[in-house]
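Down below is the structure, laid out as structure tokens.
The values are calculated or read from the model by the stated rules, or taken from the named source; none is laboratory data. Since the structure is predicted, the reported quantities are computational estimates derived from the model, not experimental observations. Positions of Cβ are backbone-derived with ideal geometry, glycine not excepted, and every protein chain shown enters the neighbour counts. Side chains included, ligands, DNA and RNA excluded: accessible areas come from the protein's heavy atoms. Shrake-Rupley method; radii C 1.70, N 1.55, O 1.52, S 1.80 Å.
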Amino acid sequence: MKKRSITEFQVLSEIIRKQPHIKQKDIAENLGITVQAVSEHIRNLIKEGYVKSRGRGEYIVTEKGLRKLKNWLSEFKEYLDEINSAVYRYKDIWPAIADEDVKDGDTVYLYMKEGLLYASKKPKGEAKAKVLYGGKKGEDISICEIKGIIDVPKGRVIVFKIPPEIIGGSRAVNFDLIKDYLNKTDNYVVATMGTVAYVVARKLNIKPDIRFAVLEGIVNACNRGSNVIALITGKMAEKVIKRLDNAKISYTVLDATKEHRN
């Protein structure tokens, strides 16, 4: 978020907290800016249709402003999550999974796989660390003295639109289409939304990795480098697609109904 956007977000937040009677002086003191700056931001918010003035220091947030505030909150949360992740990188000791047997004092390369941090003695990128406590392949180990940036390319999502019960539910699903993508997609987790989607996953002998807080779960998995196979029932797919667009995550949408063979 740009500095101006952050300040306007703060001003809009102060207005919704205290509406309709707003004292610009109080907002200025709370935000550590001048009254003139607050006045300018309010004029801009009114111009954009986010705030309506009733005169005599009375302001209310419009429906458009409320939608904008919710969008800002989502963006700000993602921004804070990124900062938190960056800060977390610099703690003294990290856990990782050994890609092979390693000993105390070994130098290892770090990489992400399925949202987990792995350590390998073979070059896997520019990020390196020292092994504090070693272990055998597949065990958790302790690493320290991390140098370089861990490359975490965003994962992508394949959204399968699962037919709702009203048009056949799991009985109308093209299971071969889903199996084909499961076989040719690497490093993925499975998310389900809706009862029918969950049943489809179980018929495929898959235990879903993400069933609750699905929208956030999909985005977090992609940000950690995992691809996601998302089985989404009916119109719920529209919510998923909108969230992926906002998070700038690549995706493919496929209709898994039997007569659709994308």
Checked region 22-45 for anything closer than 17 Å to Phe9 by Cβ and free of Cβ contacts under 8 Å to residues at least 12 places away in the same chain; matches are Ala28, Gly32, Glu40, Arg43
Taking region 9-18 and keeping residues surrounded by 14 or more Cβ atoms within 10 Å (Cβ to Cβ) and more than 15 Å from Lys64 (Cβ to Cβ) leaves Gln10, Val11, Ser13, Glu14, Lys18
Condition set buried (at least 17 other Cβ atoms within 10 Å of the Cβ) and not in a helix (DSSP H, G or I), scope region 233-244, selection modelled with the lowest pLDDT: answer is Gly234
Contact list, first residue from region 164-186 and free of Cβ contacts under 8 Å to residues at least 60 places away in the same chain, second anywhere and open to solvent by less than 100 Å² (accessible area, probe 1.4 Å) and of a type in the set (Phe, Trp, Tyr), beta-carbon distance below 9 Å, six or more apart or interchain, is Leu182/Tyr188
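Just for helices (runs of 4 or more DSSP H) wholly inside region 22-130: which have at least 1 residues that are surrounded by fewer than 11 Cβ atoms within 10 Å (Cβ to Cβ), hydroxyl-bearing (Ser, Thr, Tyr) and at negative phi? Reasoning before the result, please.
Details: elements: 24-31, 35-47, 63-88.
Where helices (runs of 4 or more DSSP H) fall fully within region 22-130 and carry at least 1 residues being surrounded by fewer than 11 Cβ atoms within 10 Å (Cβ to Cβ), hydroxyl-bearing (Ser, Thr, Tyr) and at negative phi, they are 63-88.
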Flagged pairs (Cβ under 6 angstrom, 6 or more apart or on separate chains; first in region 245-260, at pLDDT below 95 and among the basic types (Lys, Arg); second surrounded by 17 or more Cβ atoms within 10 Å (Cβ to Cβ) and in a loop (DSSP other than H, G, I, E, B)) are Lys258/Asn174
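Does Ala237 count as in contact (Cβ under 8 Å) with a residue 12 or more places away in the chain, under 23 Å from Glu75 (Cβ atoms) and under 10 Å from the mean Cα position of the chain (by Cα)? Before the answer, list the steps.
Working: in contact (Cβ under 8 Å) with a residue 12 or more places away in the chain: yes; under 23 Å from Glu75 (Cβ atoms): yes; under 10 Å from the mean Cα position of the chain (by Cα): no.
No: the conditions fail for Ala237.
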Over region 149-175, the set of residues out of contact with any Gly (no Cβ under 9 Å at 6 or more places or on another chain) and among the hydrophobic types (A, V, I, L, M, F, W, C) is Val157, Ile158, Val159, Phe160, Ala172, Val173, Phe175
Of the residues in region 143-157, those that are free of Cβ contacts under 8 Å to residues at least 60 places away in the same chain and open to solvent by 100 Å² or more (accessible area, probe 1.4 Å) come to Glu145, Lys147, Ile149, Asp151
When every residue in region 139-167 that is modelled with pLDDT of 95 or more and in a loop (DSSP other than H, G, I, E, B) is compared, the one farthest from Ala201 (Cα to Cα) is Glu139
